[in-house]
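Engineer: This structure is in structure tokens; I'll ask about it shortly.
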Amino acid sequence: MTKAGSEGADTDTGGATLPWLWRNYLRPRRALILAAFLLMAAEGATMGALSYLVKPMFDRVFVGGNADALIWVALAIGGVFALRASTSFGHRVLMARVGEGMIAGLQANLLSHLMRLDPSFYQEHPPGSLIERVRGDTQTLRNLATSILAAVGRDAVALVGLLAVAISVDWVWTLVALSGAPLLMIPVVALQRLVRRMSRNARTAAAELSTRLDEIFHGQSTIRLTGTEAREARRFGDSQKGYVRAQIRSEAGSAGIPALIDLVAGLGFALVLSYGGMQIIAGEKTIGDFMSFFTAMALIFEPLRRLGGVSGSWAVMEASIERIRELFNLRPTILSPARPVAPPTGPGEAEIRFEDVRFSYGRQPVLDGVSFTALPGRTTAIVGPSGAGKSTLFALLTRLADPQAGRVTLGGIDTRDFSLPALRTQFSLVAQDTALFDETIRENILMGLEGVSESRLAEAIEAANLTDFVAGLPNGLDTAAGPRGSGLSGGQRQRVAIARALLRDAPVLLLDEATSALDAASERAVQEALGRLSVGRTTLVIAHRLSTVRGADKILVMDKGRVVEEGTHDELYAKGGLYAGLCRLQFAE
């Protein structure tokens, strides 16, 4: 479960989007932004200077025939273009650094935040959707750096400079040219709201696309064996159509704002040409006046179009940032206590107790008053039909979930009294579906552990029955395991997990169907390694194959969320209850 919240510097989502971005991602880069804005302002000013130089170019050079003026006007125009080129290059490089830095920072913060959320969050949000949030939605910040801030810094200055030139030529002409601007306000506001809504739809559709791809790539074997390639292609095509439709609507809305500005610009030019042309014919204005004004107004509508497009770009970006902030607003409910206590220091103290524990997933009860004790240095097996609640015990023990009633203790201390990192260092887990990463076998065994000597690593590999396998690899331990460990067999992945658990040297060993998917030879090798691993540790074993737990010190039999039987294999078999029935069924098979 998760809940809303707003604490933390990087995840403080209170207030509007721009203050939030400034507080978390722009303010740390304010020196770069200031330098870029100075360069943008210089570039924007060059447009006003260029339109101003048009007047002497026509009046003094082309019409007046002043050769001396030709030289300084030419040099001035050349200097303006040189300044514009250098300032444009400079601010683009600086804003690229700002944009990429913001994106990297936001992605890192978002990923760190997501990894702290409760496991139930991942049951509601598929991986493809979350990948799109972390990668796709954050990419819109690039628009903030390259388009939105550039428009504010460069185009606003250019707009002021060009307006100053136009007004200096004739303020009446300027009013006539801009007379249609007020007509833009209502449609621009309406379009901005439409773009924002369409952009959210497009991002949602993009997340669905990513989810489809994630399912297809992870389910390749199932798709091929069931012959459903055409079905999956059709499902992806349907999702793609929805994304394309939403994206086109968003782009169309964004393009509508500059298009409206162009219509107003055309109206303004027509009016000025009609009004100003008569004054030139009458000799009241010079050709240089008109060309300077015409150049200023022609140039003024380009930054005006870009500034108009900013509202569309902002709406697109805001839609994505809102989706990101919705994730930042989620808070984990499973937290470390304010004053954590130290966990047990040795295997002999790692007694595990469940005391009248009750737990439900939503309205579905899973555990109903479970109580048992697992003694240090002993192996406790947990068996029972599917859905009896066995795996939930491990989730509660490691605080991937918390019970709604009762308590779980380790060494006599409630697990909720430990910090989460400290608690989880007490467990080594070997599961049926071992999680390996697309890294070397060495890195998959170490999993970030530092200071592990080669001799200690070799001992763990030997104890996990991995030595011969590793020796036969072309690069030994530095051979890549492949995506999700696909370069290794099931038994090899299990033994990598065992070597990992040996290096962790935790006082509690959790085995969750660790050999159920293996062939006889692999199972024998893994069982030998597990036997060495469990020595001196508090070991809990979840198993469906009862033959693997016959030697356990104690067997707990679960059914419908309760412990219904408890004892050794011989004791339980002699009772003739549920365990005996399961044994007869399996051994008969």
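The values are calculated or read from the model by the stated rules, or taken from the named source; none is laboratory data. Only a predicted model underlies this, so the values are computations on that prediction, with no experimental measurement involved. Cβ sites come from the backbone with ideal geometry, for glycine too, and all protein chains shown count toward neighbours. With ligands, DNA and RNA removed, areas are computed over all heavy atoms of the protein, side chains included. Shrake-Rupley method; radii C 1.70, N 1.55, O 1.52, S 1.80 Å.
Residue by residue, here is whether (1) modelled with pLDDT of 80 or more; (2) open to solvent by less than 40 Å² (accessible area, probe 1.4 Å) holds:
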position	(1), (2)
GLN139	yes, no
ASP155	no, yes
ALA166	no, yes
VAL169	no, yes
VAL172	no, no
VAL176	no, yes
ARG197	no, no
ARG200	no, no
THR204	no, no
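Engineer: So, one more: Hey, among the residues in the range 464-493 that are in contact with a Lys or Arg (Cβ under 7 Å, 6 or more places away or on another chain) and open to solvent by less than 40 Å² (accessible area, probe 1.4 Å), which one's nearest to GLU443 (Cα to Cα)?
Structural biologist: Of all residues in the range 464-493, those in contact with a Lys or Arg (Cβ under 7 Å, 6 or more places away or on another chain) come to 464-466, 477-478, 485.
Filter again for open to solvent by less than 40 Å² (accessible area, probe 1.4 Å), leaving 464, 466, 477, 485.
Working: ALA464: 16, LEU466: 15, LEU477: 9, GLY485: 12 Å.
Among them, the one singled out is LEU477.
Engineer: Another one. Are any residues in the range 352-389 surrounded by fewer than 19 Cβ atoms within 10 Å (Cβ to Cβ) and in a loop (DSSP other than H, G, I, E, B), and if so, which ones?
Structural biologist: Hits for the range 352-389 are GLY362, ARG363, LEU375, GLY377, ARG378, PRO385, SER386, GLY387.
Engineer: Hey, another quick one. Can you tell me which condition ALA497 does not meet? The list is (1) closer than 29 Å to ALA388 by Cα; (2) part of a helix (DSSP H, G or I); (3) touching a helix residue (DSSP H, G or I) at 6+ places or on another chain (Cβ under 7 Å); (4) at pLDDT 80 or above, and all the others hold.
Structural biologist: Checking ALA497 against (1) closer than 29 Å to ALA388 by Cα; (2) part of a helix (DSSP H, G or I); (3) touching a helix residue (DSSP H, G or I) at 6+ places or on another chain (Cβ under 7 Å); (4) at pLDDT 80 or above, the one that fails is (3).
Engineer: Looking at SER129, SER120, which is the one that is over 27 Å from ALA42 (Cβ atoms), surrounded by fewer than 22 Cβ atoms within 10 Å (Cβ to Cβ), out of contact with any helix residue (DSSP H, G or I) (no Cβ under 9 Å at 6 or more places or on another chain) and not aliphatic (A, V, I, L, M)?
Structural biologist: Numbers: SER129 fails: out of contact with any helix residue (DSSP H, G or I) (no Cβ under 9 Å at 6 or more places or on another chain).
Unique residue meeting the criteria: SER120.
Engineer: Out of ILE216, ILE261, ILE186, report the one residue that is open to solvent by less than 60 Å² (accessible area, probe 1.4 Å), assigned to a helix (DSSP H, G or I) and at pLDDT below 70. It would help to see each step written out before you state the result.
Structural biologist: Details: ILE216 fails: at pLDDT below 70; ILE186 fails: open to solvent by less than 60 Å² (accessible area, probe 1.4 Å).
Residue meeting the stated conditions: ILE261.
Engineer: In this structure, is LEU546 in contact with a Cys (Cβ under 7 Å, 6 or more places away or on another chain), surrounded by 16 or more Cβ atoms within 10 Å (Cβ to Cβ), of a type in the set (A, V, I, L, M) and more than 26 Å from PRO344 (Cβ to Cβ)? Before the answer, list the steps.
Structural biologist: On the way: in contact with a Cys (Cβ under 7 Å, 6 or more places away or on another chain): yes; surrounded by 16 or more Cβ atoms within 10 Å (Cβ to Cβ): yes; of a type in the set (A, V, I, L, M): yes; more than 26 Å from PRO344 (Cβ to Cβ): yes.
The answer is yes for LEU546.
Engineer: How do the pairs read when you match residues in the range 282-294 that are farther than 10 Å from ASP59 by Cα and surrounded by fewer than 21 Cβ atoms within 10 Å (Cβ to Cβ) with residues anywhere that are of a type in the set (D, E, K, R) and modelled with pLDDT of 70 or more, using Cβ under 9 Å and keeping only pairs 6 or more apart or on different chains?
Structural biologist: LYS285/ASP170
Engineer: Test each condition in (1) in a helix (DSSP H, G or I); (2) modelled with pLDDT of 85 or more for ILE77 and report the one that comes out false.
Structural biologist: (2)
Engineer: Sort out which residues of the range 26-57 are within 26 Å of LEU141 (Cα to Cα) and aromatic (Phe, Trp, Tyr), and write them in order of number. Can you show your working first?
Structural biologist: Step one: list which residues in the range 26-57 are within 26 Å of LEU141 (Cα to Cα), which gives 26-44.
PHE37 - this is the single residue of the range 26-57 that is within 26 Å of LEU141 (Cα to Cα) and aromatic (Phe, Trp, Tyr).
Engineer: Name the single residue, out of those in the range 391-405 being in a loop (DSSP other than H, G, I, E, B) and in contact (Cβ under 8 Å) with a residue 60 or more places away in the chain, that is most open to solvent (accessible area, probe 1.4 Å).
Structural biologist: LEU400
Matching residues to (1) of a type in the set (Asp, Glu); (2) part of a helix (DSSP H, G or I); (3) open to solvent by 70 Å² or more (accessible area, probe 1.4 Å):
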| residue | (1), (2), (3) |
| --- | --- |
| ARG27 | no, yes, yes |
| MET40 | no, yes, no |
| ALA45 | no, yes, no |
| ASP59 | yes, yes, no |
| ALA69 | no, yes, no |
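Engineer: Still on this model: Would you check which residues across the range 568-586 are open to solvent by 10 Å² or more (accessible area, probe 1.4 Å) and either within 19 Å of GLY369 (Cβ to Cβ) or without any contact (Cβ under 8 Å) to a residue 12 or more places away in the chain (or both) and list them? I'd like the intermediate steps shown before the answer.
Structural biologist: The first filter runs over the range 568-586 and keeps only residues open to solvent by 10 Å² or more (accessible area, probe 1.4 Å), leaving 568-571, 573-578, 581-582, 584-586.
Within the range 568-586, ASP570, GLU571, TYR573, ALA574, LYS575, GLY576, GLY577, LEU578, GLY581, ARG584, LEU585 meet the criteria.
Engineer: So in the range 550-567, with the set limited to residues that are in contact with a Ser or Thr (Cβ under 8 Å, 6 or more places away or on another chain) and closer than 21 Å to VAL370 by Cα, which one is surrounded by the fewest Cβ atoms within 10 Å (Cβ to Cβ)? Spell out the reasoning first.
Structural biologist: Of all residues in the range 550-567, those in contact with a Ser or Thr (Cβ under 8 Å, 6 or more places away or on another chain) come to 551-556, 563.
Now restrict to residues that are closer than 21 Å to VAL370 by Cα: 552-556, 563.
Working: ALA552: 21, ASP553: 13, LYS554: 20, ILE555: 25, LEU556: 26, VAL563: 21.
Taking the candidates together, the pick is ASP553.
Engineer: Filtering the range 471-488 down to residues that are out of contact with any helix residue (DSSP H, G or I) (no Cβ under 7 Å at 6 or more places or on another chain) and polar (S, T, N, Q), which residue is nearest to LEU457 (Cα to Cα)?
Structural biologist: ASN475
Engineer: To continue, here is another question. Among residues belonging to the range 361-381 that are out of contact with any strand residue (DSSP E or B) (no Cβ under 6 Å at 6 or more places or on another chain) and not basic (Lys, Arg), point out the one that is modelled with the lowest pLDDT.
Structural biologist: Start the filter on the range 361-381 by keeping residues that are out of contact with any strand residue (DSSP E or B) (no Cβ under 6 Å at 6 or more places or on another chain), which leaves 361-365, 375, 377-378.
Then drop every residue that is not not basic (Lys, Arg), which leaves 361-362, 364-365, 375, 377.
Values: TYR361: 82, GLY362: 75, GLN364: 83, PRO365: 87, LEU375: 90, GLY377: 86.
Among those that are out of contact with any strand residue (DSSP E or B) (no Cβ under 6 Å at 6 or more places or on another chain) and not basic (Lys, Arg), it is GLY362.
Engineer: Please work out which one of (1) at pLDDT below 85; (2) assigned to a loop (DSSP other than H, G, I, E, B) is the condition GLU132 fails and give its number.
Structural biologist: (2)
Engineer: Does SER239 satisfy the condition of being among the small types (Gly, Ala, Ser), under 30 Å from ASP137 (Cα atoms) and at pLDDT 70 or above?
Structural biologist: On the way: among the small types (Gly, Ala, Ser): yes; under 30 Å from ASP137 (Cα atoms): yes; at pLDDT 70 or above: yes.
For SER239, the condition - among the small types (Gly, Ala, Ser), under 30 Å from ASP137 (Cα atoms) and at pLDDT 70 or above - is met.
Engineer: Give the residues of the range 104-128 that are outside any loop (DSSP other than H, G, I, E, B) and within 23 Å of ALA395 (Cβ to Cβ), sorted by residue number.
Structural biologist: Step one: of the range 104-128, the residues outside any loop (DSSP other than H, G, I, E, B) are 104-114, 119-124, 127-128.
If the condition is that a residue be outside any loop (DSSP other than H, G, I, E, B) and within 23 Å of ALA395 (Cβ to Cβ), then LEU111, SER112, HIS113, LEU114, PRO119, SER120, PHE121, TYR122, GLN123, GLU124, PRO127 are the ones that fit.
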